[in-house]
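This report refers to the structure that appears directly beneath it.
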Amino acid sequence: MDEKIDASNKVQTIQMFINLVLFSRSFSESNLFPRKGFQNQVQVKNPNLETMEEDILYHLSLSTKTHNLPEMFGDIKFVCVGGSANRMKAFAQFIHKELELSGNPEEITDICEGTDRYCMYKVGPVLSISHGMGVPSISIMLHELIKLLHHAQCQDVVLFRLGTSGGVGLAPGTVVVTEKAVDYSFQPQFEQVVLGKVITRSTELDEEVASELLQCSSELQNIPTVIGNTMCTHDFYEGQGRLDGALCSFSHEDKLEYLRKAYDAGVRNIEMESTVFAAMCRVCAAVVCVTLLNRFEGDQIKSPHDVLVEYQQRPQILVSHFIKKIFLFYQQFVVLFSYN
Ligand SMILES: O=P(O)(O)O[C@H]1O[C@H](CO)[C@@H](O)[C@H]1O
Ligand SMILES: O=c1cc[nH]c(=O)[nH]1
């Protein structure tokens, strides 16, 4: 009997080891992590940083001189970002309970309280940060976040954007895990003006994390989830083909024609940050947004407040299920290896 248990423990250990290797491999092709075997440290692609005595992360109200970043953040494995400060606080409290961490989730404090630009909460291995609305706002936060993870010597980090969006041909409340983040012309690219010239960056995301998230959704109830392309725009109204803004330069037919073209190009939802998020975080990242309405059916978001709150929780529940799986796996791995 004891021998049987021993043998099954060994099989389990080997299986876990294989899983861990496979999982680590999925991180290793990222922009942030050069291949360094098992431990992939978050990298920045800017040689100027090496020559700086101090790096002030102004909008996060943190600095390499005034804060011990490795001590504060070195154990981060998951970063979750989303537009609203309240949502990201609620997520931090939710994941605190889900991971059964010690301490009172109601007492978590905003690490960035020195600034009202963004809020940031750390719960165990998870960092939850708000980014505001649109590309410029998230881009500033991501520059400072990626430098923070680098200065803190974080390894094997996965980043998630937990957001809301307009659905394209989907029932409201559907969660879309982004396959490709595309621009207004449905291309998987992010254009940025640098020194007066347009540069283009790829917006590839982690396929394995996306399909693992789809798998997670099948293990949960009431989280209808699809994988599809996400179109990122620079505006909520005309930029997303809405007829109800303060300005409107096109007809109802023009709008439907554009949405149909988007649908045919694989677009299933529209939001305002995915391309820059993907371009900056690359293959160690996933975008998970719930749809608040079906854009073929209208432009105004009419669902009652409690329905919208429940919809917003869906990406949080899905991603927390994913994190919990990995977190418990790592914990078991550490326990098994300390006994073997
Ligand atoms: O739900 P969040 O994360 O704020 O994202 C979506 O909602 C905002 C518009 O209402 C845009 O920022 C869009 O990307
Ligand atoms: O239609 C929508 C809904 C939420 N967020 C967006 O960007 N668009």
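Every read-out reported here was derived from the displayed coordinates using simple, explicitly stated rules and does not represent laboratory data. What you are looking at is a predicted structure, and each value in this text was computed from that prediction instead of being measured. Cβ atoms come from the backbone with ideal geometry, glycine included; neighbour counts cover every protein chain shown.
One table, with the values for the structure above:
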| item | result |
| --- | --- |
| Hits among aspartates and glutamates - C-alpha to C-alpha of residue 302 under 20 Å, sequence gap 8 or more where chains match | 235, 238, 244, 271, 310 |
| Longest exposed-site-free window of the chain, the sites being trypsin sites (Lys or Arg not before Pro) in a DSSP loop that have at most 13 other C-beta atoms within 10 Å | 66-301 |
| Rg and Dmax [Cα atoms of the stretch 142-197; Å; Rg one decimal, Dmax integer] | 16.0, 43 |
| C-alpha center-to-center spacing [the stretch 108-176, the stretch 195-252] in angstrom | 16 |
| DSSP-loop GluC sites (Glu not before Pro) across the stretch 203-256, with at most 15 other Cβ within 10 angstrom | 219 |
| Computed lengthening from residue 44 to residue 244, 0.36 nm per intervening residue step minus Cα-Cα distance | 67.9 nm |
| Over the chain: helical MRE at 222 nm, DSSP H runs n ≥ 4 each giving -39500 (n - 2.57), nearest 500 | -12500 deg cm²/dmol |
| Overall dimensions of the chain by Cα: Rg and Dmax, Å | 20.8, 76 |
| Percent of beta bridges antiparallel (DSSP, the chain, rounded to nearest 5) | 40 |
| Label-point separation in nm, residue 302 to residue 261, each point 7 Å along Cα→Cβ | 2.8 |
| Kyte-Doolittle mean at least -0.5, axial Cα span of 24 Å or more - DSSP H helices of the chain | 2-27, 305-339 |
